[in-house]
Ligand code: SIN
């Protein structure tokens, strides 16, 4: 006999934990929220730079919206962006209330016209993860199952639960839930070079796809410009905040490779990554140079950088650090509305595994933790107002997946080589054939997600944001659409709701005061 909970959250990063806490805070005693998480290492826990939100005195919502739309290369959903930005200050206030000790100074990152990054040195994600994990563990109505992987969703007209595998005991349990929230994060591990932890294998996408949900914008894997480029390195991230504080990108002769760009090293991520990539392809290595910053600043503001580099015998205060782009953030995912509702009733998606349209073709730096915090809470509020409906359909377990395995080297190197920084039709067709030939040896779900991403990349015959095609180098107006994939229908091109909306059109969700500003004093008493 399966157990029943009010809400099952699958995934333990900022989005999942924010959703779990918001549901649990509002349900009566006797009801339960269950969080199933396969690994303590999440993309949240590894996030360094910070969380973008309008909390600075001279900043405006309009400016943050503008920067997000600009980075997204005309593929953002305007309403989603408005909601993200206007709920940013409230999300920061809530994180402060949960115990995250943001620093007084705001950081700056690529594509932002203002300093608007709240941070905890360069360990912001870890601080948020710790505070939310603590709140979840202390909550009387939340139960956490660690090292539990969702292997199937139960669908009976609507999603009514999931099968969870206890990865230690190798035992499966069926859970029934009024609402199931996928918060499984990204899929960077499908590429050979990635900043992501081992857990980022995209299982939520596969489960949702098999359940009949729509997926969108999958071709837009964002490549972070600066990971450590040493043969023995595991692609450690060197935070963008380093460039925000004045770090330069130079070649071996010391020339700045972005000297001709008006924003220099603070150009949006797609531009910076492509510049580095092209340079490296031409045999010119690229380095992050922070020697002109003080050692004191490096040690206090960037302890992760100093620790990472020291582990490889490098001292950023004395020498330029070799860098290379790596797969970092999936801009697309499970298609949802602004409250996280997927196209399958009862199934919600939040955070990196979701696609609200907020990132378009290229996510703005530090909008990802914000997305998790904001849309995690809005999904929770929708769940609380939904009355679970019964269905007549017979129950079906869909999407068998075993994403605890690490993607094989052959899968990850194929994705890196053929579905990476520069793509073309021939390579993408080769990738599809190559993936098909891996079928007997690679876990089906990972292969399936890789295939969906490659298919989207093949369909989009243009270059835009994170998706660059050498055979279609221009951005084409007729492609200002998102590609929507679903198991039950042929690929669909969806027009983008990019038009300016009246602010009255911003989704109002009970309990969330959209657009309230938080002053720095209110954020942290004492400064
Ligand atoms: C970074 O610290 O550079 C990563 C932040 C992000 O992905 O937005």
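In table form, for the structure just shown:
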item: Residues located in region 41-67, provided they are assigned to a helix (DSSP H, G or I) and either near the ligand (Cβ under 9 Å from one of its atoms) or touching a helix residue (DSSP H, G or I) at 6+ places or on another chain (Cβ under 8 Å) (or both); result: 43, 44, 45, 46, 61, 64, 65
item: So residue 125, is it assigned to a loop (DSSP other than H, G, I, E, B) and touching a helix residue (DSSP H, G or I) at 6+ places or on another chain (Cβ under 8 Å); result: no
item: Any hit, region 118-134, residues being surrounded by 22 or more Cβ atoms within 10 Å (Cβ to Cβ), in contact (Cβ under 8 Å) with a residue 24 or more places away in the chain, in contact with a strand residue (DSSP E or B) (Cβ under 6 Å, 6 or more places away or on another chain) and under 30 Å from residue 258 (Cα atoms); result: yes
item: Residue match in region 345-357 (condition: farther than 21 Å from residue 453 by Cα, away from the ligand (no atom under 15 Å from the Cβ), part of a loop (DSSP other than H, G, I, E, B) and over 27 Å from the mean Cα position of the chain (by Cα)); result: no
item: Given (1) without any contact (Cβ under 8 Å) to a residue 60 or more places away in the chain; (2) within 22 Å of residue 222 (Cα to Cα); (3) surrounded by fewer than 19 Cβ atoms within 10 Å (Cβ to Cβ), index of the condition residue 64 fails; result: (3)
item: Residue match in region 278-298 (condition: away from the ligand (no atom under 13 Å from the Cβ), surrounded by 21 or more Cβ atoms within 10 Å (Cβ to Cβ), in a loop (DSSP other than H, G, I, E, B) and touching a residue at least 24 places away in the same chain (Cβ under 8 Å)); result: yes
item: Within region 1-27, considering residues that are modelled with pLDDT of 95 or more and in a loop (DSSP other than H, G, I, E, B), the one nearest to residue 137 (Cα to Cα); result: 12
item: Selection status of residue 301, more than 15 Å from the ligand (Cβ to nearest atom), surrounded by 14 or more Cβ atoms within 10 Å (Cβ to Cβ) and modelled with pLDDT of 95 or more; result: no
item: Residues located in region 214-246, provided they are more than 11 Å from the ligand (Cβ to nearest atom), assigned to a loop (DSSP other than H, G, I, E, B) and over 16 Å from the mean Cα position of the chain (by Cα); result: 214, 229, 230, 231, 232, 233, 234, 235, 236, 245, 246
item: Per-region count, region 264-277, residues modelled with pLDDT under 95 and surrounded by fewer than 19 Cβ atoms within 10 Å (Cβ to Cβ); result: 0
item: Residue in region 247-262 that is nearest to the ligand (Cβ to nearest atom), counting only those that are assigned to a loop (DSSP other than H, G, I, E, B) and surrounded by 14 or more Cβ atoms within 10 Å (Cβ to Cβ); result: 247
item: Test set (1) buried (at least 22 other Cβ atoms within 10 Å of the Cβ); (2) within 16 Å of the ligand (Cβ to nearest atom) - residue 197 fails condition number; result: (1)
item: Residues (outside any strand (DSSP E or B), more than 16 Å from the ligand (Cβ to nearest atom) and within 30 Å of residue 228 (Cβ to Cβ)) located in region 313-344; result: 313, 314, 315, 317, 318, 319, 320
item: Residue check for residue 34: in contact with a helix residue (DSSP H, G or I) (Cβ under 9 Å, 6 or more places away or on another chain), closer than 30 Å to residue 149 by Cβ and part of a helix (DSSP H, G or I); result: no
item: Residue in region 69-80 that is in a helix (DSSP H, G or I), within 16 Å of the chain's Cα centre (by Cα), more than 16 Å from the ligand (Cβ to nearest atom) and buried (at least 23 other Cβ atoms within 10 Å of the Cβ) present; result: yes
item: Some residue of region 132-151 being over 28 Å from residue 466 (Cα atoms), at pLDDT 95 or above and within 16 Å of the ligand (Cβ to nearest atom); result: no
item: Members of region 228-243 found to be surrounded by fewer than 24 Cβ atoms within 10 Å (Cβ to Cβ) and touching a strand residue (DSSP E or B) at 6+ places or on another chain (Cβ under 7 Å), listed by number; result: 229, 230, 235, 236, 237
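The values are calculated or read from the model by the stated rules, or taken from the named source; none is laboratory data. Please read these numbers as outputs of a predicted model, since none were measured by experiment. Here the Cβ is made from the backbone with ideal geometry for all residues, glycine too, and neighbour counts use every protein chain on show.
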